[in-house]
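The values are calculated or read from the model by the stated rules, or taken from the named source; none is laboratory data. The shown structure was predicted, so the numbers you read here are calculated from the model rather than taken from an experiment. Please note: Cβ atoms are built from the backbone with ideal geometry, for glycine as well, and neighbour counts cover all protein chains shown. Accessible surface areas use protein heavy atoms only, side chains included; no ligands, DNA or RNA. Shrake-Rupley method; radii C 1.70, N 1.55, O 1.52, S 1.80 Å.
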Amino acid sequence: MAATGITGLNVSIDLCKALTETIHAATKHQVLHLLAFSGYPKVKWIIFIIVLIMYLLCILGNVLVGIIVCLTPRLHSPMYFFLGNLTILDVVYVSVVLPKLLAITFTGDTSISYPGCITQIFFYVFSIGIEFFILTSMAYDRYVAICFPLLYNVIMNRRTCVILAILCCTVGTFNSLMYALLISQLLFPISSAINHFFCHMKSVLRISCNDSTHIGVLINVDGIVYGLITFILILASYMYIIAAILKIHTSTGRLKAFSSCSSHIIIVVLFWLTSLSLNMKPDMASSQDKILSMVYIAVVPMLNPLVYSLRNKEVLKAINEVISKIKNKICAN
């Protein structure tokens, strides 16, 4: 009798597993819907044009800065090494989210496949995490350059830069893979509407049939680890930088030292304030969430090349040299 009971229990467990696998298989092929800005049909073309302009500026600006950094030997320094990595990251970042938003706005088709949604989540977390670490590495680079100028080339050598870049990518990959796997195990209703313009994790968790409290807690803890700790490291770096700048006797020297950091400060403030305020706030679905998301997903990557080039004489000089070479070749031909 006991053996029969155990056998029956095993059969039940097997049936449950088979049923769960069947449900998951069905879920994987279901279509989710991104509501995006569908609540504003009268201004959809304005939204489309604005997003398209931001996307094109972001791609063109970042690609241009990346090419300039690669083609100009004197820009092959740690600061521009991290800037080059940042441009690549920004291109990946916006290309995962904005083309889909453009398609939704243009065609009115809000559907996104389940694998497409998981892919967005993976690259979203990947990009956010790595951007935190790259901006922190850039702050450390400025700290060494201003506080220890004579040891700069020794401390920030190529090996150090490569190790920091690999560390950023490794941590970002594992973190994004963790979230993608966790969310891929959730079940969703047959008709699922995500109140956002991309598969933002908290918006996806709201429509899940499962208890996803543990994932929500993990997002908040991750926000503290990634956001606040890296921000504290950047803040500490700039406290030492400011103290070192104040010790410079000439106003020209102080201005030159501060100008090398100002571009980085602008991007850090914009990125941290918008990303942390959205990802660590209580679960709320509102238009403000979408606008905040648009700031750090589209506006910050668009501003990165503009801020770093327009406020940097070396980059501007390199851009002018490349343009002059192109003009000379065209005239010669």
| task | Give the distance, in whole Å, between the Cα centre of the range 198-234 and the Cα centre of the range 102-122. | result | 21 Å
| request: Calculate, for the range 51-200, the solvent-accessible area per residue in square angstrom, rolling a 1.4 angstrom probe over the heavy atoms of the protein chains. | output: 42 Å²
| said: Residues of the range 96-111 with backbone nitrogen within less than 19 Å of a virtual label 7 Å along the Cα-to-Cβ line of LEU52, please, listed as ranges. | reply: 96-110
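To the nearest 0.05, how large is the calculated FRET efficiency for ILE163 and ILE88 if R₀ is 22 Å and r is the Cβ-Cβ distance?
Here the calculated transfer efficiency is 0.80.
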| Distance in nm between label sites at SER208 and SER113, each 7 Å beyond Cα in the beta-carbon direction? | 2.3 nm
| note | For PHE188, the residues 5 or more places away or on another chain with a placed amide H closer than 5 Å to its own amide H are CYS209
| task | Report, to the nearest whole %, how much of the accessible area of the range 70-219 belongs to carbon and sulfur atoms, 1.4 Å probe, protein only. | result | 72 percent
| Protection proxy ranking of 291-303, 129-141, 68-80 - average other beta-carbon atoms within 10 Å, highest first | 129-141, 291-303, 68-80
| message | Can you give me the long-range amide H partners of ILE194? Hydrogens built in the peptide plane at 1.01 Å from N, cutoff under 5 Å, separation of 5 or more residues or another chain. | response | HIS33, LEU34, LEU35
